[in-house]
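Student: Once you've had a glance at the structure underneath, I'll fire off some questions.
The values are calculated or read from the model by the stated rules, or taken from the named source; none is laboratory data. Remember, predicted model here, so these are calculated numbers, not experimental data. Methodologically, a virtual Cβ is constructed for each residue, glycine included, from the backbone with ideal geometry; neighbour enumeration extends over all protein chains shown.
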């Protein structure tokens, strides 16, 4: 039986909006196993999945035989992930934590991974410092993050003019998909850095409007942006058109290719 531990950090409601589990399982399910494989996670390793969501990477890490802590700031996502783990007979430790202030000892884990998760922590350097800190010397870090130039990066750029101002000090999430940015965050505390740009194929949508409506119903950041302009129908219509056009432009023979940066490294 899996366990969920609630720490003192108050979860943000953003990722509890909609149905992120549908995004993770219906669209981007291959990304979790990809980062687990690339990081070399296997039996007997103590692994932390940072900003784990509903377990897109944590569950495959557990299937590989690792002892996994799935950590996320949003309790509601952890509860969905725990139910999925129980249904698969997997034993994980689900904990509500802030990626920018992890409550774990220095060097506690053999590996830390994150699949389009840690990139949404507002203070990038704080999150990167924590990723490095909790991994033992010689341990591994593996990250999958959407690139600024890829489809999801362009989606965030499309939504930006309609979104509320970010909190002071917050940096744009897709910067984590820029290799130079991530190398700068991690610095000389890591070695053996390997960074490649890859794509995940999305064949779920027949039109840009269908993509837009799916994200309006399921994806927390998109829902939040629409809520912020709900009292201005003209702006809602503008964003509707812009997101549909973005989706239409990305569809080729009924398929999209969403680019991400896969980066692995070793703690010095």
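Student: May I ask you to list the residues in the stretch 35-50 that are assigned to a helix (DSSP H, G or I) and either at positive phi or over 13 Å from the mean Cα position of the chain (by Cα) (or both)? Explain how you work it out, then say what you get.
Tutor: Start the filter on the stretch 35-50 by keeping residues that are assigned to a helix (DSSP H, G or I), which leaves 35-39.
Scanning the stretch 35-50 gives 36, 37, 38, 39.
Student: Next up: Let me spell it out: the conditions are (1) touching a helix residue (DSSP H, G or I) at 6+ places or on another chain (Cβ under 6 Å); (2) outside any helix (DSSP H, G or I), and residue 174 meets all of them except one. Which number is the exception?
Tutor: (2)
Student: Quick one: residue 161 ticks every box in (1) touching a residue at least 12 places away in the same chain (Cβ under 8 Å); (2) farther than 18 Å from residue 121 by Cβ; (3) loosely packed, with under 13 Cβ neighbours inside 10 Å except a single one, so which number is it?
Tutor: (1)
Student: Turning to a different aspect of this structure: Being in a helix (DSSP H, G or I), free of Cβ contacts under 8 Å to residues at least 60 places away in the same chain, more than 23 Å from residue 29 (Cβ to Cβ) and under 21 Å from the mean Cα position of the chain (by Cα) is the requirement here; does residue 234 meet it? Lay out the reasoning, then the answer.
Tutor: Values: in a helix (DSSP H, G or I): yes; free of Cβ contacts under 8 Å to residues at least 60 places away in the same chain: yes; more than 23 Å from residue 29 (Cβ to Cβ): yes; under 21 Å from the mean Cα position of the chain (by Cα): no.
In short, no.
Student: Same structure again: Restricting attention to the stretch 209-231, report how many residues are in a loop (DSSP other than H, G, I, E, B) and touching a residue at least 40 places away in the same chain (Cβ under 8 Å). Break it down stepwise before answering.
Tutor: Initial filter on the stretch 209-231 (in a loop (DSSP other than H, G, I, E, B)): 219, 229-231.
Filter again for touching a residue at least 40 places away in the same chain (Cβ under 8 Å), leaving 219, 229.
Residues that pass the stated criteria total 2.
Student: If we keep just the residues of the stretch 237-268 that are out of contact with any helix residue (DSSP H, G or I) (no Cβ under 7 Å at 6 or more places or on another chain) and in a loop (DSSP other than H, G, I, E, B), which is surrounded by the most Cβ atoms within 10 Å (Cβ to Cβ)?
Tutor: The qualifying residue surrounded by the most Cβ atoms within 10 Å (Cβ to Cβ) is 254.
Student: Output the number of residues of the stretch 180-203 satisfying the condition of being loosely packed, with under 15 Cβ neighbours inside 10 Å and either in a helix (DSSP H, G or I) or in contact with a helix residue (DSSP H, G or I) (Cβ under 6 Å, 6 or more places away or on another chain) (or both).
Tutor: 4
Student: Output the number of the condition that residue 113 fails; it satisfies all remaining conditions of (1) free of Cβ contacts under 8 Å to residues at least 40 places away in the same chain; (2) touching a strand residue (DSSP E or B) at 6+ places or on another chain (Cβ under 6 Å).
Tutor: (1)
Student: Looking only at the stretch 247-259, decide whether some residue is modelled with pLDDT of 95 or more and closer than 30 Å to residue 132 by Cβ.
Tutor: Narrowing the stretch 247-259 to residues modelled with pLDDT of 95 or more: 247-259.
Of the ones still in play, those that are also closer than 30 Å to residue 132 by Cβ are 258-259.
Scanning the stretch 247-259, I find at least one residue that is modelled with pLDDT of 95 or more and closer than 30 Å to residue 132 by Cβ, so the answer is yes.
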